[in-house]
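The values are calculated or read from the model by the stated rules, or taken from the named source; none is laboratory data. Quick caveat, the model's predicted, so the values are computed rather than measured. All Cβ positions, glycine included, derive from the backbone under ideal geometry; neighbour counts span all protein chains shown. Surface accessibility is based on the protein's heavy atoms, side chains included, excluding ligands, DNA and RNA. Shrake-Rupley method; radii C 1.70, N 1.55, O 1.52, S 1.80 Å.
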Amino acid sequence: MCGIVGYIGHREAYPIILKGLKRLEYRGYDSAGIALYDGTDIKLSKTKGKVSDLETRLENEISTHGSLGIGHTRWATHGVPNDINSHPHYSNSGDLVIIHNGIIENYESLKKELIKRGYNFKSDTDTEVLVNLIEDVKKNENIKLGKAVQIALNQVVGAYAIAVFDKNKPNEIVVARLGSPLAIGIGEDEFFIASDASPFIEYTKNAIYLEDEEMAIVRRNKGVKIRKIKDDSLVDPYVQALQLNLEQIEKGGYEHFMLKEIYEQPSAILDTFRGRLLSNEGIIKMAGVEDNMKKFLNAHRIIVVACGTSWHAGLVSEYIFEDLARIPVEVEYASEFRYRNPVITENDVVIAISQSGETADTLAAIKLAKSKGAFVFGVCNVVGSSIARETHAGAYTHAGPEIGVASTKAFTTQITVLTLIALRLARAKGTISSSDYRHHLIELELIPEKVKKALESDAYVKSIAAIYKDVHNFLYLGRGYNFPVALEGALKLKEISYIHAEGYPAAEMKHGPIALIDENMPIVVIATKKGHYEKVVSNIQEIKSRKGKIIGIVTEGDKQVKGLADHVIEVPETIESLTPLLTTIPLQLLSYHIALMLGKNVDQPRNLAKAVTVE
Ligand code: M6R
């Protein structure tokens with residue numbers, strides 16, 4: 001995926017676009033570019049590398065003057081990351097310039113046709129094909145840019161959020177979306193365009209989120225006209241008041257977004273259950289669940305679809321739903337599910353989990369489940385995201401913006417929402433006693449304070465990181481509710497430190513991974529008092545006798561594991577189903593500190609992007 005930014009108004013566009021690109025770098029950071037209209041011509045500069053590389057280069061290369069401009073930060077799909085493939089892209093005449101987030105799937109056949117008509121291409125991108133297609137339509141039909149964009153997009157198969165302008169009409173930017181997000185910020189005689197609202201939050205709190213298959217012509221001093229791309233019908237703009245504030249999208253004194261987001265977990269979890277968990281009254285209130293209670297209660301099974309960290313949260317929920325609400329659960333990688341011709345019936349409830357709400361595979365899995373008649377419930381963080389809109393109902397996690405590419409607070413808040421749902425269903429089904437139910441509510445309410453306590457291990461975790469930072473392999477083991485946490489711990493380490501790590505159910509170790517263990521292998525073992533404790537202790541002994549180095553995640557006051565492990569990190573005691581909310585904290589910190597000590601880019605690990613909007 002990529003980030004796009006645009007501005008048209010009365011200010012200098014360059015600083016707004018540059019700052020906006022920096023805020024959107026979480027969406028992609030292998031190249032960046034800006035095109036500005038300086039009053040007479042387009043000035044364009046682009047480069048492989050980060051927005052800061054662009055900044056250094058751009059100010060020496062072109063004039064940064066102009067009140068109309070577009071900018072792009074890229075996560076490469078078609079064409080390697082290099083200067084030429086970076087956006088913006090010119091049309092052959094040099095009149096049009098475009099930025100694009102998405103994929104034009106039929107670009108090869110369109111390109112062949114355009115080559116026959118005399119067009120030539122500098123880059124390997126699908127985007128350069130699109131801008132030339134627009135130019136071709138515009139010239140052949142002698143029509144305005146907006147109409148040409150519309151006709152061209154009707155020939156395109158794929159996904160896009162685009163912004164394009166014509167140097168001969170420097171008072172408008174044409175934008176459109178299908179499958180990739182696009183927001184228009186409405187200021188006083190000025191308009192902002194961006195993949196999300198973060199680039200313009202200090203200028204306006206009013207924004208229009210384009211829906212799929214909509215386009216808009218954004219005119220200087222005039223306003224925004226929105227149309228359906230397919231049938232040309234006019235759409236009444238719906239201007240939303242943004243809840244986002246600047247503080248939420250800045251580092252707030254932390255060195256990295258990831259660290260800030262790790263430390264935000266006590267308040268993020270609190271925000272997740274605020275107004276939903278009323279422990280005094282013994283009530284859980286979730287509109288999306290209440291309104292669809294029949295669907296949930298009649299469900300023959302729950303199918304969870306998700307990717308990455310969200311899939312791990314889904315795995316935790318399998319334990320909660322089965323344990324508490326006695327509903328059979330299957331947890332599926334969305335990318336596998338969508339291509340597997342799965343058996344789905346009208347009696348299935350599908351829960352789609354996604355922080356960004358934009359993950360392409362999860363979105364496709366939802367569409368498939370809907371087409372087979374299943375009821376689809378979304379658990380998303382980003383309000384108004386594609387998945388939030390595509391699902392029949394849902395519950396937001398309310399974690400606030402997560403900018404670090406490695407998910408942290410998204411994971412714990414997803415587990416919180418899923419726990420609330422499971423508890424509510426268990427109560428409605430009568431599969432939980434009222435005392436057990438109350439006990440769960442009280443324990444859940446205590447979690448934010450306990451997460452704070454777990455965060456106090458930071459300095460100690462850092463000292464452990466210093467010991468193991470140079471190893472090449474890590475093993476993570478857990479059982480029951482903490483098996484998915486082992487997977488999540490391994491994923492965190494892999495993605496930001498590039499150290500190979502694997503997560504396993506502790507007892508599975510004997511069936512293969514045990515062969516890896518020697519005196520050089522650190523093994524993180526989650527061994528909290530609740531849940532198969534004695535069994536995990538036996539697993540620890542098996543590791544010990546093979547000289548593996550043990551980092552135990554234990555319950556406060558634990559003595560047995562302390563006697564066996566090389567290091568123990570304590571977390572507060574809680575009921576078994578809630579332990580993942582605590583045991584995951586030291587694992588996040590461990591990966592953070594190791595990556596930092598290795599000099600890796602913690603917030604923007606190589607090859608990754610925050611939301612994977614392509615297959
Ligand atoms: O936005 P989503 O939750 O749908 O994203 C799913 C994965 O791409 C995401 O969790 C990814 O695995 C993270 N980088 C993990 O930290």
At a 10 angstrom cut-off on C-beta neighbours, averaged per residue, how do the peptides 145-156, 23-34 rank from highest to lowest? 23-34, 145-156
Looking only at the range 369-392, which residues have a backbone nitrogen under 13 Å from a spot 7 Å from the Cα of Asp236 in the C-beta direction? none
Thr47 accessible area, 1.4 Å probe, all protein chains in place, Å² to nearest 10: 10 Å²
Neighbours of Val305 by Cβ distance under 9 Å: Lys/Arg at +1, Asp/Glu at -1, summed charge -1
So what's the back-of-envelope 222 nm ellipticity for the chain, counting only DSSP H runs of four-plus at -39500 (n - 2.57) apiece and dividing by all residues, rounded to 500? -11000 deg cm²/dmol
By the Cα gyration tensor axes a ≥ b ≥ c (a/c under 1.5 gives rounded; else a/b larger than b/c gives prolate, otherwise oblate), the shape of the range 3-248 is rounded
How far is helix 308-320 tilted, in degrees, relative to the longest principal axis of the Cα atoms in the chain, given as a value from 0 to 90 rounded to the nearest 10? 40 degrees
For the range 22-31, take each phi angle, set θ = phi - 60°, evaluate the Karplus expression 6.51 cos²θ - 1.76 cosθ + 1.60, and give the result in whole Hz per residue in order, putting x for glycine and proline. 4, 6, 9, 4, 4, 7, x, 8, 9, 6
Going through the range 84-136, which trypsin sites (Lys or Arg not before Pro) have at most 13 other Cβ atoms within 10 Å and a DSSP loop state? Arg117, Lys122
Based on the Cβ-Cβ distance of Asn171 and Glu247, what FRET efficiency does E = 1/(1 + (r/R0)^6) give at R0 = 35 Å, to the nearest 0.05? 0.50
So what does Glu250 come to for accessible area, using a 1.4 Å probe and Å² rounded to 10? 80 Å²
Just reorder Tyr90, Tyr592 by solvent-accessible area, largest first, 1.4 Å probe, all chains present. Tyr90, Tyr592
Counting other Cβ atoms within 10 Å, keep those with at most 13, restrict to DSSP loop, and tell me which chymotrypsin sites (Phe, Trp or Tyr not before Pro) in the range 162-262 are left. Tyr238
Compute the distance from the alpha-carbon center of the range 304-383 to that of the range 95-173, in whole Å. 36 Å
On the accessible surface of the chain, probed at 1.4 Å with all protein chains in place, carbon and sulfur together account for a percent value of 49 percent
Please determine, in degrees from 0 to 90 and to the nearest 10, the orientation of helix 483-497 with respect to the longest principal axis defined by the Cα atoms of the chain, where the helix direction is its Cα long axis. 50 degrees
Quick query: amide H of Asn106 versus all other amide H atoms, modeled in the peptide plane; which residues come in under 5 Å with a sequence gap of 5 or more or a different chain? Val157
Rounded, prolate or oblate: pick one for the range 131-224, where a ≥ b ≥ c are the square roots of the eigenvalues of its C-alpha gyration tensor, a/c under 1.5 means rounded, and failing that, prolate if a/b is larger than b/c, else oblate. oblate
What figure, in Å² to the nearest 10, do you get for the accessible area of Val383 with a 1.4 Å probe and non-protein molecules left out? 90 Å²
By the scheme Lys and Arg +1, Asp and Glu -1, what is the net charge of all other residues having a beta-carbon under 12 Å from that of His440? -2
Whenever you get a sec, line up His439, His300, His78 from highest to lowest accessible area (probe 1.4 Å, protein heavy atoms). His300, His439, His78
Tell me, what HN-Hα J-couplings in whole Hz come from the Karplus equation 6.51 cos²θ - 1.76 cosθ + 1.60 at θ = phi - 60° for each residue of the range 446-453, using x for Gly and Pro? 7, 4, x, 5, 6, 5, 4, 5
Of Lys46/Lys222; Lys510/Lys559; Lys19/Lys48; Lys144/Lys167, which ones are farther than 23 Å apart at the Cα? Lys46/Lys222; Lys510/Lys559
When ranked by the protection proxy of mean other Cβ atoms within 10 Å per residue, highest first, what sequence do the peptides 553-559, 215-221, 416-422 form? 416-422, 215-221, 553-559
Students often get this wrong, so check it: of Lys251/Lys610; Lys169/Lys205; Lys453/Lys544; Lys50/Lys600, which have C-alpha atoms separated by over 19 Å? Lys169/Lys205; Lys453/Lys544
Return the sequence-ordered ³J(HN,Hα) values of the range 506-519 in whole Hz as given by the Karplus equation 6.51 cos²θ - 1.76 cosθ + 1.60 applied to θ = phi - 60°, using x for Gly and Pro. 3, 6, 6, 3, 5, 9, x, x, 4, 5, 7, 6, 8, 5
Given labels modelled 7 Å from the Cα in the Cβ direction, how far is it in nm from Lys429 to Asp470? 5.3 nm
Excluding Val289 itself, calculate the net charge of residues whose Cβ lies under 12 Å from the Cβ of Val289, where each Lys or Arg counts +1 and each Asp or Glu counts -1. +4
So what is log10(I(q)/I(0)) for the chain at q = 0.12 1/Å, when the Debye sum runs over its Cα atoms only? -1.19
So what is the accessible area of the range 77-144 per residue, in Å², with the probe set to 1.4 Å? 45 Å²
